[in-house]
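Visitor: First, the structure itself, so that you have it in front of you.
The values are calculated or read from the model by the stated rules, or taken from the named source; none is laboratory data. What you are looking at is a predicted structure, and each value in this text was computed from that prediction instead of being measured. In this analysis, Cβ positions are derived from the backbone assuming ideal geometry, glycine residues included, and neighbour counts consider all displayed protein chains.
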2 protein chains.
Amino acid sequence: MSEATRVLLDESRIPRNWYNILADLPAPPPPPLHPGTRQPVGPDDLAPLFPAELIGQEVCTDRFVPIPDGVRDVYRLWRPTPLIRARRLERSLGTPARIYYKYEGGSPSGSHKPNTAVPQAYYNAREGVRRLTTETGAGQWGSSLAFACAQYGLECEVWMVRASYDQKPHRRSLMRVYGATVHASPSPETVSGSKILAEDPDSPGSLGIAISEAVEVAAAAADTRYALGSVLNHVLLHQTVIGEEAIEQLAAFGEVPDLIVGCTGGGSNFAGLVFPFLREKLAGRMDPVIRAVEPEACPSLTRGVYAYDFGDAAGLTPLLKMHTLGHGFVPDPIHAGGLRYHGMSPLISHLYELGLFEAVAKGQTECFEAGLRFARTEGIVPAPEPTHALAETVAEALRCRETGEPKVILTALCGHGHFDLNAYDRHLAGEMEDFALPQERIDTALEELPVT
Amino acid sequence: MSEATRVLLDESRIPRNWYNILADLPAPPPPPLHPGTRQPVGPDDLAPLFPAELIGQEVCTDRFVPIPDGVRDVYRLWRPTPLIRARRLERSLGTPARIYYKYEGGSPSGSHKPNTAVPQAYYNAREGVRRLTTETGAGQWGSSLAFACAQYGLECEVWMVRASYDQKPHRRSLMRVYGATVHASPSPETVSGSKILAEDPDSPGSLGIAISEAVEVAAAAADTRYALGSVLNHVLLHQTVIGEEAIEQLAAFGEVPDLIVGCTGGGSNFAGLVFPFLREKLAGRMDPVIRAVEPEACPSLTRGVYAYDFGDAAGLTPLLKMHTLGHGFVPDPIHAGGLRYHGMSPLISHLYELGLFEAVAKGQTECFEAGLRFARTEGIVPAPEPTHALAETVAEALRCRETGEPKVILTALCGHGHFDLNAYDRHLAGEMEDFALPQERIDTALEELPVT
């Protein structure tokens, strides 16, 4: 194995294809259903919201989807990203395990989200769309889409959950720096927003409401489309550049992974890291254990059910067959905002049903403790979301210290935590809570599952 | 010239030596003087504050100073940094100029400061020091030193100007994440702080006061030393890794620079980029124009005098021969906190007197406008300090559009602006002020220059 700490790749090594795992599955996942007819959703149903190319990618079964030059050209600004061996973390744990992390925080918005924001903006621009709308919670996705829209001359309009809009002004500012228009949601600009404001002028908003507003505006204007930052097949597809690069870099280190660990919210970071390795595993070229880590406060894989449910809180989207806690489930306010989603990508849910990976859940105190240890050893302060994967990585490395196994562990550090320092402050002050999640809260939310 | 956008170097290409420009000058700069005796300061005067190795580097005349393996090993976490061609910025300006920027914002603390924080912590740890003290304004330096201390097991105690402590909590949090103790300055922990608090319990503090506190604590404890983030020769020396890497990377692009532009506060970023190129220029191997850019609100090179003055506001440090606006000069509150220093590094001042580079001053509105254009084209949001160099880069590129000259321009992007988004917000809201600096404010401050 190599003595290196970082393996960098030249820009000529940016992948030329996204990897589509649908091509390698025995069966595709169950299709999304129209919320009215309960029939499978067709391309025509989606055309008001997405450009044709992305609708095509949603159902495509080609193993490899070529990445257009116009997308690779923007990826070049920060890709390939480094694969780094966490030698100092290993040393602090006294473990024989060898820990590698793929670092996505060097992107313009500081997370992995531009990997899909860029192609989504590209295809929309190429099909003559003038404006994109989207929703955002803490702002990771909104700022990534704003950056991507600036690259292709698209207007970008973001509905940001009011609670975050008021409490997290920095990512709101970042969207504006990139030229986006940012609305606090609920907003008076839409019918759905106005309705809620009429009932409660002080509504803190929710991701579900923000989705409704962004979708409403996109559906109503011929030159406007909508963009989503996770869950859908085409979004997961775009993220596979992470894993493709990591395969080449891990080989350059002279390593074969024993364990791959990723955090899961909607699933795009996990899919991006893991799908290319799953291809290698399914083909018998390696045999890593693959493990998803979700928050105890929002455990869709470990405590949810596999059923058709709405993707949003308001019940406006197509019905998706997925692991879900119920679309009415409101997770406790953990700091990893990107993991507070009641469901799980249908494609990832399908792979879980096929037994292709394991899942565990973590409380946020353990995660922030791992984040602190990582910052003090490796230097990079991790965003709250990837601290979940780091917590499991640390736990496994400590198990290796007991057993003496020199396991090769790979994880993804999907974003830096420079926007999340107030959360670390609370942890350092001993004010971080782990929320116990009583089963009855899940049961109650699951009572509202739609009948199919 | 290469078609590449980014040139990355393998970690084996981290420089093995720092470059010491003192070796290539016809005469050294005038020495620092003891504030009491007005005699040149000797090593014994500095021993209570700095470890022997750094005192030696301060007066060393060897052309190359070897970088210890224990330092290169930590540099490996983020060095070599990329050199990037700003193709999208060029396109948006319609310029025939070719613009390259060396990006230092990918370091753990998001700026170039760890380049010297790491060796300073290393030498102190090697000489048995247990704790380092320092001051910080907005926190770039304090967070870098905190990171470096965590790497070598040193305690780190930072006095942070109270105004920033209250208004910029995120960098304060970053220091704590790295394990540092952070005091609001003035603090009751020191004699100098207590004295000021007794007179004014609500004092907002100043860098001068914070320096006094950090120096007082270091001088009083045998196991404690003090660390400075700019101005001194050894600090500038450590930053030359920036320029050394850039020379190799620019050659890989197949380019020879016509113009090199850097922003100047205390001078460490400018020196780091420029000194290695000055060596090449002095040896006749290339002939770039070299240009420093400072804020109009704090124009030590363009409107200061070259004289002996104190390094701090309180008049406690040795007297330094430098370009200064007077140690009592208080710059208007521009957002580029790192450029709000009344003086200029003595070594850089000496080079300016020798006619080795030019200097210009910029108002902050023009700088933020350049920063916005950069973010929307190149993706990275620049910190307010390097927007000064970007503003001059943009101005030169537009001159090239007029003249048709395909100049090769090199600049350094010494930090990202993810901690500075409120400043961009103010700019977008049209609330950014350019402060006119009346000559009499400078004249009044210069009346207090010490007699030598």
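Visitor: I'd like to verify a number: residues in region A:98-107 that are buried (at least 24 other Cβ atoms within 10 Å of the Cβ) and either more than 11 Å from every other protein chain (Cβ to nearest Cβ) or modelled with pLDDT under 95 (or both), how many?
Guide: 4
Visitor: Do you know which residues across region B:399-452 are of a type in the set (A, V, I, L, M, F, W, C) and touching a strand residue (DSSP E or B) at 6+ places or on another chain (Cβ under 8 Å)? Show your work before the answer.
Guide: Quick first cut of region B:399-452, residues of a type in the set (A, V, I, L, M, F, W, C) only: B:400, B:408-410, B:412-414, B:419, B:421, B:423, B:428-429, B:432, B:435-437, B:442, B:445-446, B:449, B:451.
Result: B:Val408, B:Ile409, B:Leu410, B:Ala412, B:Leu413, B:Cys414, B:Leu446, B:Leu449.
Visitor: From the list A:Thr61, A:Thr81, pick out the single residue that is in contact (Cβ under 8 Å) with a residue 12 or more places away in the chain and within 21 Å of A:Ser107 (Cβ to Cβ).
Guide: Sole residue among the options that is in contact (Cβ under 8 Å) with a residue 12 or more places away in the chain and within 21 Å of A:Ser107 (Cβ to Cβ): A:Thr81.
Visitor: Sticking with this structure for a sec: Filter region B:146-169 for residues that are at pLDDT 90 or above and over 15 Å from B:Leu207 (Cβ atoms) and give the result.
Guide: Of everything in region B:146-169, those that are at pLDDT 90 or above and over 15 Å from B:Leu207 (Cβ atoms) turn out to be B:Ala146, B:Phe147, B:Ala148, B:Cys149, B:Ala150, B:Gln151, B:Tyr152, B:Gly153, B:Leu154, B:Glu155, B:Cys156, B:Glu157.
Visitor: Mind listing just one residue for me: the one in region A:331-376 that is at pLDDT 95 or above and among the β-branched types (Val, Ile, Thr) and, of those, surrounded by the fewest Cβ atoms within 10 Å (Cβ to Cβ)?
Guide: Restricting to residues being at pLDDT 95 or above and among the β-branched types (Val, Ile, Thr), the top hit is A:Thr365.
Visitor: Within region B:201-213, can one find any residue that is surrounded by 19 or more Cβ atoms within 10 Å (Cβ to Cβ) and assigned to a loop (DSSP other than H, G, I, E, B)?
Guide: yes
Visitor: Next question, about the same structure. Have a look at A:Leu410, A:Leu347, A:Leu421 and point out the one that is aliphatic (A, V, I, L, M) and within 14 Å of chain B (Cβ to nearest Cβ).
Guide: A:Leu421
Visitor: Return a yes/no flag: does region A:71-82 have any residue that is under 19 Å from A:Pro114 (Cα atoms), basic (Lys, Arg) and buried (at least 23 other Cβ atoms within 10 Å of the Cβ).
Guide: Within region A:71-82, one or more residues are under 19 Å from A:Pro114 (Cα atoms), basic (Lys, Arg) and buried (at least 23 other Cβ atoms within 10 Å of the Cβ).
Visitor: Could you tell me which numbered condition A:His427 fails, if it satisfies all but one of (1) over 24 Å from B:Ala180 (Cα atoms); (2) in contact (Cβ under 8 Å) with a residue 40 or more places away in the chain; (3) over 18 Å from the mean Cα position of the chain (by Cα); (4) in a helix (DSSP H, G or I)?
Guide: Among (1) over 24 Å from B:Ala180 (Cα atoms); (2) in contact (Cβ under 8 Å) with a residue 40 or more places away in the chain; (3) over 18 Å from the mean Cα position of the chain (by Cα); (4) in a helix (DSSP H, G or I), A:His427 violates only (1).
Visitor: Quick one: is A:Glu358 free of Cβ contacts under 8 Å to residues at least 40 places away in the same chain and on the phi < 0 side of the Ramachandran plot?
Guide: The answer is no for A:Glu358.
Visitor: While we're looking at this one, here's another question. Among B:Thr365, B:Thr377, which is the only one that is of a type in the set (Val, Ile, Thr), within 14 Å of another protein chain (Cβ to nearest Cβ) and within 23 Å of B:Thr393 (Cβ to Cβ)? So that I can check it myself, show each step before the final result.
Guide: On the way: B:Thr365 fails: within 14 Å of another protein chain (Cβ to nearest Cβ).
Result: B:Thr377 is the single residue among B:Thr365, B:Thr377 that is of a type in the set (Val, Ile, Thr), within 14 Å of another protein chain (Cβ to nearest Cβ) and within 23 Å of B:Thr393 (Cβ to Cβ).
Visitor: Additional query: Which of the helices (runs of 4 or more DSSP H) contained wholly in region A:1-92 include at least 3 residues that are within 14 Å of chain B (Cβ to nearest Cβ) and within 21 Å of A:Cys414 (Cβ to Cβ)?
Guide: Details: elements: A:43-46, A:52-59, A:69-75.
Answer list for region A:1-92: A:69-75.
Visitor: Looking at (1) farther than 26 Å from B:Arg85 by Cβ; (2) outside any loop (DSSP other than H, G, I, E, B), which is the one condition that is false for B:Arg401?
Guide: With respect to (1) farther than 26 Å from B:Arg85 by Cβ; (2) outside any loop (DSSP other than H, G, I, E, B), B:Arg401 is out only on (1).
Visitor: Inside region B:121-144, can you point out the residues that are surrounded by fewer than 22 Cβ atoms within 10 Å (Cβ to Cβ) and assigned to a helix (DSSP H, G or I)?
Guide: Of everything in region B:121-144, those that are surrounded by fewer than 22 Cβ atoms within 10 Å (Cβ to Cβ) and assigned to a helix (DSSP H, G or I) turn out to be B:Ala125, B:Arg126.
Visitor: Away from chain B (no Cβ under 14 Å), surrounded by fewer than 23 Cβ atoms within 10 Å (Cβ to Cβ), without any contact (Cβ under 8 Å) to a residue 24 or more places away in the chain and out of contact with any Pro (no Cβ under 8 Å at 6 or more places or on another chain): does that describe A:Gly328? Break it down stepwise before answering.
Guide: Values: away from chain B (no Cβ under 14 Å): yes; surrounded by fewer than 23 Cβ atoms within 10 Å (Cβ to Cβ): yes; without any contact (Cβ under 8 Å) to a residue 24 or more places away in the chain: no; out of contact with any Pro (no Cβ under 8 Å at 6 or more places or on another chain): yes.
Criteria not met by A:Gly328.
Visitor: What's the number of the condition B:Leu207 fails, among (1) away from every other protein chain (no Cβ under 14 Å); (2) touching a helix residue (DSSP H, G or I) at 6+ places or on another chain (Cβ under 6 Å)?
Guide: (2)
Visitor: Report yes if some residue within region A:168-180 is farther than 22 Å from A:Gly337 by Cβ and more than 18 Å from the chain's Cα centre (by Cα); otherwise report no. If you could, list the steps in order and put the result at the bottom.
Guide: Step one: of region A:168-180, the residues farther than 22 Å from A:Gly337 by Cβ are A:179.
Then keep just the ones that are more than 18 Å from the chain's Cα centre (by Cα); that gives A:179.
For region A:168-180, residues farther than 22 Å from A:Gly337 by Cβ and more than 18 Å from the chain's Cα centre (by Cα): present.
Visitor: Mind listing whichever residues of region B:262-287 are surrounded by fewer than 21 Cβ atoms within 10 Å (Cβ to Cβ), more than 18 Å from B:Asn20 (Cα to Cα) and touching a residue at least 12 places away in the same chain (Cβ under 8 Å)?
Guide: Of everything in region B:262-287, just one residue is surrounded by fewer than 21 Cβ atoms within 10 Å (Cβ to Cβ), more than 18 Å from B:Asn20 (Cα to Cα) and touching a residue at least 12 places away in the same chain (Cβ under 8 Å), namely B:Met286.
Visitor: If you scan region B:115-148, which residues turn out to be free of Cβ contacts under 8 Å to residues at least 60 places away in the same chain and either assigned by TED's automatic domain parsing to the domain that holds B:Ala271 or more than 19 Å from B:Gln239 (Cβ to Cβ) (or both)?
Guide: Of everything in region B:115-148, just one residue is free of Cβ contacts under 8 Å to residues at least 60 places away in the same chain and either assigned by TED's automatic domain parsing to the domain that holds B:Ala271 or more than 19 Å from B:Gln239 (Cβ to Cβ) (or both), namely B:Ala125.
Visitor: Among the listed residues A:Val118, A:Val182, identify the single one that is assigned to a strand (DSSP E or B), surrounded by 22 or more Cβ atoms within 10 Å (Cβ to Cβ) and within 13 Å of chain B (Cβ to nearest Cβ).
Guide: One residue alone meets the criteria, A:Val182.
Visitor: Among residues belonging to region B:121-153 that are over 17 Å from the mean Cα position of the chain (by Cα), within 27 Å of B:Ala313 (Cβ to Cβ) and of a type outside the set (A, V, I, L, M, F, W, C), point out the one that is farthest from the other protein chains (Cβ to nearest Cβ).
Guide: That would be B:Thr133.
Visitor: Filtering region A:377-398 down to residues that are part of a helix (DSSP H, G or I) and more than 22 Å from the chain's Cα centre (by Cα), which residue is surrounded by the fewest Cβ atoms within 10 Å (Cβ to Cβ)?
Guide: Of the residues in region A:377-398, the ones part of a helix (DSSP H, G or I) are A:377-378, A:384-398.
Subsequent filtering for residues that are more than 22 Å from the chain's Cα centre (by Cα) retains A:377-378, A:395-398.
Values: A:Thr377: 19, A:Glu378: 26, A:Ala395: 16, A:Glu396: 22, A:Ala397: 23, A:Leu398: 13.
That would be A:Leu398.
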